1. Need the list of lysines near residue 152 for cross-linking: C-alpha distance under 22 angstrom, and skip anything on the same chain fewer than eight residues off.
2. I'd like the FRET efficiency for residue 35 and residue 127, computed as 1/(1 + (r/R0)^6) with the beta carbon distance as r and R0 of 35 Å, rounded to 0.05.
3. Across the Cα atoms of region 63-150, what radius of gyration and what greatest pairwise Cα-Cα distance (Dmax) are found, in Å?
4. Can you give the extra length, in nm with one decimal, that the chain gains between residue 89 and residue 28 once fully stretched, where that is 0.36 nm per residue apart less the Cα-Cα distance?
5. Arrange the residues 145, 29 by how much accessible surface each exposes, largest first, with a 1.4 angstrom probe.
6. For region 106-161, what % of the accessible area comes from carbon and sulfur atoms, probe 1.4 Å?
7. Among the lysines, which have Cα under 18 Å from the Cα of residue 110 when same-chain residues fewer than 8 positions away are ignored?
8. Taking 0.36 nm per residue of separation and subtracting the Cα-Cα distance, what length does fully extending residue 106 through residue 137 add?
Amino acid sequence: MNVRDLIPWSRGSSQLPSSYRDDDMDPFLSLHRNVNRLFDEVFRGFAPPSLLGGTSPFNGSWPHVEIEENDNEIRLIAEVPGVDPDNIEVLLEDGVLTLRGESKSETEDKDRRFSERYYGRFERRLSLGRQIDEDKVAASFKSGLLAVTLPKTEKARANVKRITIDNTK
């Protein structure tokens with residue numbers, strides 16, 4: 001016997017009976033829909049919804065990072081909008097660059113009688129190898145962008161080998 005044989009509307013008809021089509025009439029369908037909506041809201045980004053329509057600057061994810069490399073240096077740009085530069089920490093240890101920070105946001109509207117606060121931490125680790133000249137690393141912050149310049153050591157620059165591409169088919 002199949003489980004579908006136990007459901008009366010599955011025998012020959014793909015539609016629910018008319019008495020079960022309205023969610024208000026069937027408490028189980030209403031419950032199912034509300035539980036699905038709850039899970040959708042919880043997993044939407046792990047960020048608390050804002051009364052003003054916004055969420056945290058990172059929407060529950062790591063800061064976006066762009067990495068450029070040339071023969072002389074590695075340059076990293078991280079997007080950290082709304083974060084105070086004093087709340088960002090940049091560490092370099094054994095060829096691993098760590099970006100760590102905390103985002104704080106407070107909104108208050110006395111006319112509407114509400115206040116909203118958001119606090120969140122982020123941390124991102126990037127393995128760069130041991131080819132970085134740690135004494136010459138520099139970081140700057142402007143308009144929500146953190147730029148970290150990591151110069152390569154002389155040994156790392158000398159080990160760069162250009163490989164020609166054979167274009168014959």
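The values are calculated or read from the model by the stated rules, or taken from the named source; none is laboratory data. Note that the coordinates shown come from a computational prediction; the quantities given were computed from them, not determined experimentally. Note: ideal-geometry Cβ built from the backbone for every residue, glycine included; neighbour counts use all protein chains shown. These area figures cover heavy atoms from the full protein model, side chains too; ligands, DNA and RNA do not enter into them. Shrake-Rupley method; radii C 1.70, N 1.55, O 1.52, S 1.80 Å.
1. 136, 161
2. Numbers: r = 41 Å, r/R0 = 1.17.
Taking R0 as 35 Å, the efficiency between residue 35 and residue 127 is 0.30.
3. 16.2, 57
4. On the way: separation 61, 0.36 × 61 = 21.96 nm, distance 5.05 nm.
Value of the extension gain: 16.9 nm.
5. Details: 145 80, 29 60 Å².
I get 145, 29, largest accessible area first.
6. Values: 1790 of 4420 Å².
That share works out to 40 percent.
7. none
8. Working: separation 31, 0.36 × 31 = 11.16 nm, distance 3.35 nm.
Full-extension gain reported as 7.8 nm.
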